[in-house]
Amino acid sequence: MKHFFSDCKTYDEAKKKFRELAMKMHPDHGGNADEFKAMLNEYESLAGAAWSTAYDEYKSERGFNPNANVDVFAEMLNVAIRLAAGTHAEIEIVGYWIYCFKSYEIKDDLKAAGFWFSGKHKAWIYNGRDKKADRRSRMSLNDIRNTYGSQKIRSESEEEVKQISA
């Protein structure tokens, strides 16, 4: 590996180095086609090894970590269910987030419990992180549901509430 390991310590550094080398070594820019292919193969082997690590970090950063503390998530879901009892609030799990819709009556309690309000989705949300740490999604709620899956836990029309056991 003569192009990357000499001075690159992270995947992002290697990606930047690849772009620089591609501009210099590409046959359309006067480079040798065989050297370019060798450099490309080297980068692809490095990217294959680093891609899974980089993607896992990205998922974790965005709140998609399936290895997150399940006990805390289940406890927060039970808190939301208890707070919503006797109200018109609807609770739905969308991906790794808990959404509480129609929850104006219990908004102060949800905020105190660690939920934050999304004006775009008109819901109080919990994902284990505060709103400032979360990036805004360009996806609609239906797109998020279709991408990550959803399950209604409590809806206004339900007489019984599902209990999640930890």
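Is there any pair with a first residue in the stretch 79-96 that is buried (at least 19 other Cβ atoms within 10 Å of the Cβ) and a second that is of a type outside the set (Val, Ile, Thr) and part of a helix (DSSP H, G or I) whose Cβ atoms are under 6 Å apart and which are 6 or more apart or on different chains, and what are they?
Close Cβ pairs satisfying both conditions: Leu83/Asp109; Ile91/Ala80; Ile91/Ala84; Val94/Arg145.
Determine whether Arg62 is modelled with pLDDT under 85 and among the charged types (D, E, K, R).
yes
The values are calculated or read from the model by the stated rules, or taken from the named source; none is laboratory data. All values derive from a computational prediction rather than experimental measurement. In this analysis, Cβ positions are derived from the backbone assuming ideal geometry, glycine residues included, and neighbour counts consider all displayed protein chains.
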